[in-house]
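Beneath this line is the structure, given in structure tokens, with notes to follow.
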Amino acid sequence: MTGVWIALAALALALAFGGYRRLTDGRARKVRTAPALDAARLGAPLGSQATFVQFSATVCAPCRATHHVLSQVVADTDGVRHVDINAETRLDLVEEFGITRTPTVLLLDADGVIRNRIVGAARTSDVLNALQQVDRAVAA
Amino acid sequence: MPHPNPAPTGPGLIDPRGPRFGAAITSVLLTVVLILGPGSVPGLILLLVQTLAFASGSLLGLQAQPWGLIYRRLVRPRLGAPAELEASEPPQFAQSVGLVFAVAGLAGWVFNLALLFWLSIGFALVAALLNTLFDFCLGCELYLLGKRLAAKPAIGQADGAQS
């Protein structure tokens, strides 16, 4: 009988965790501690208005979807850049910003200050909302 | 005339529905193993089968994983082409994670450590269910964490660098 209870507990745990992830994944969250990242450390120029820094893994299906979403948004907006980093090659940044999962996207404002963080497959609506708050040109 | 739904090609790319299908079989087997419990010989046989499946997926590659073979032989031909292909490394890594839990569960059975058996098989079932129900790959999430740990000096440094 113990086994039945453990199997049910495993099912409950999987449903709770999976459901929680489904609700929260890909949401843009405000970063209040406001650490910054400059072009030198990023290894790529920043956008004049905003920059999406995406941490990907060679091996991550939602990273591709996120890359696609961000490429589309960047193509439609002036002054916004998208930098896709292979997390394995930049473990220094991974450690510094406490990246635990791929994809994780950091949204930098014009000064390189991290304003938003999106963990999990990014949702287009959240990306656009976050960008509007950061990018004055878009907001205007 | 070309096949309307060509099977995935390209180095290391797989149909992502394959691992998910395999996870469903794994979920069923592990549930039965749990219900039979430690001490059940049929349960041990099922657990051995699942352990060998994990071992072949982990050590030989996904093309040798028996549930993946069933998918490609019997299920894949009935479905349309996958919307997107996926790299094979994360699911293969997940097979290794499953293998560790399955071997721990076997040890629990063999050495009569019921708690080890329940915990190992229970967690393996959680991971398999997450994969089946949500297409969520626990092993894939652990991949980056594993890389981070591997990149650190083996001894001494505590993980205190979180922001």
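Of all residues in the range A:21-30, which are surrounded by fewer than 15 Cβ atoms within 10 Å (Cβ to Cβ) and over 11 Å from the mean Cα position of the chain (by Cα)? Listed by number, the residues that qualify are A:22, A:23, A:24, A:30.
Here residue A:5 meets each of (1) closer than 30 Å to residue A:92 by Cα; (2) aromatic (Phe, Trp, Tyr); (3) in a helix (DSSP H, G or I) with one exception, condition (1). Which residue is nearest to the chain's Cα centre (by Cα), if the candidates are limited to the range A:86-97 and must be closer than 21 Å to residue A:61 by Cα and exposed (fewer than 15 other Cβ atoms within 10 Å of the Cβ)? Within the range A:86-97, the match that is nearest to the chain's Cα centre (by Cα) is A:86.
Conditions tested, residue by residue: (1) more than 14 Å from chain A (Cβ to nearest Cβ); (2) more than 18 Å from residue B:25 (Cβ to Cβ); (3) touching a Phe, Trp or Tyr at 6+ places or on another chain (Cβ under 7 Å).
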| position | (1), (2), (3) |
| --- | --- |
| B:64 | yes, no, no |
| B:70 | yes, no, no |
| B:75 | yes, no, yes |
| B:78 | yes, no, no |
| B:95 | no, no, yes |
| B:99 | yes, no, yes |
| B:102 | yes, no, yes |
| B:109 | no, yes, yes |
| B:125 | no, no, no |
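All of B:88, B:40, B:56 fail the test of being farther than 23 Å from residue A:14 by Cα and touching a strand residue (DSSP E or B) at 6+ places or on another chain (Cβ under 6 Å), apart from B:88.
Residues of the range B:127-136 being over 15 Å from residue B:51 (Cα atoms) and either within 8 Å of chain A (Cβ to nearest Cβ) or touching a Leu at 6+ places or on another chain (Cβ under 8 Å) (or both), which ones?
Of everything in the range B:127-136, those that are over 15 Å from residue B:51 (Cα atoms) and either within 8 Å of chain A (Cβ to nearest Cβ) or touching a Leu at 6+ places or on another chain (Cβ under 8 Å) (or both) turn out to be B:129, B:130, B:131, B:133, B:134, B:136.
Of everything in the range B:128-148 that is assigned to a helix (DSSP H, G or I) and touching a residue at least 60 places away in the same chain (Cβ under 8 Å), the residue that is nearest to residue A:88 (Cα to Cα) is B:131.
Of the helices (runs of 4 or more DSSP H) that lie entirely inside the range B:1-117, those containing 2 or more residues that are touching a residue at least 60 places away in the same chain (Cβ under 8 Å) and surrounded by 18 or more Cβ atoms within 10 Å (Cβ to Cβ) span B:17-36, B:41-55, B:89-110. Can you name the residue in the range A:80-98 that is β-branched (Val, Ile, Thr) and more than 7 Å from chain B (Cβ to nearest Cβ) and, of all such residues, is farthest from residue A:42 (Cα to Cα)? Applying the filter and picking the extreme gives A:80. From the list A:77, A:33, A:58, A:102, the one residue that fits, being more than 9 Å from chain B (Cβ to nearest Cβ), on the phi < 0 side of the Ramachandran plot and either within 14 Å of the chain's Cα centre (by Cα) or part of a loop (DSSP other than H, G, I, E, B) (or both), is A:77. Residue-level check: of (1) within 13 Å of chain B (Cβ to nearest Cβ); (2) touching a strand residue (DSSP E or B) at 6+ places or on another chain (Cβ under 8 Å), residue A:47 misses just (1).
Only one of the numbered conditions (1) of a type outside the set (Asp, Glu); (2) surrounded by fewer than 20 Cβ atoms within 10 Å (Cβ to Cβ); (3) within 26 Å of residue B:88 (Cβ to Cβ) is not met by residue A:5, and that is (3). Restricting attention to the range A:40-55, which residues are touching a residue at least 12 places away in the same chain (Cβ under 8 Å), part of a helix (DSSP H, G or I) and more than 16 Å from the chain's Cα centre (by Cα)? Within the range A:40-55, A:41 is the sole residue that qualifies. Regarding residue A:12, is this residue at pLDDT 95 or above, under 30 Å from residue B:119 (Cα atoms), surrounded by fewer than 13 Cβ atoms within 10 Å (Cβ to Cβ) and within 14 Å of chain B (Cβ to nearest Cβ)? Yes; evaluated as a whole, the condition is true for this residue. The residue that is nearest to the other protein chains (Cβ to nearest Cβ), counting only those in the range A:15-30 that are touching a residue at least 24 places away in the same chain (Cβ under 8 Å) and farther than 22 Å from residue A:85 by Cα, is A:21.
The values are calculated or read from the model by the stated rules, or taken from the named source; none is laboratory data. Everything numeric here is computed off the predicted structure, so don't read it as measured data. When we count neighbours, we look across all protein chains shown, and the Cβ atoms used for this are built from the backbone with ideal geometry, even at glycine.
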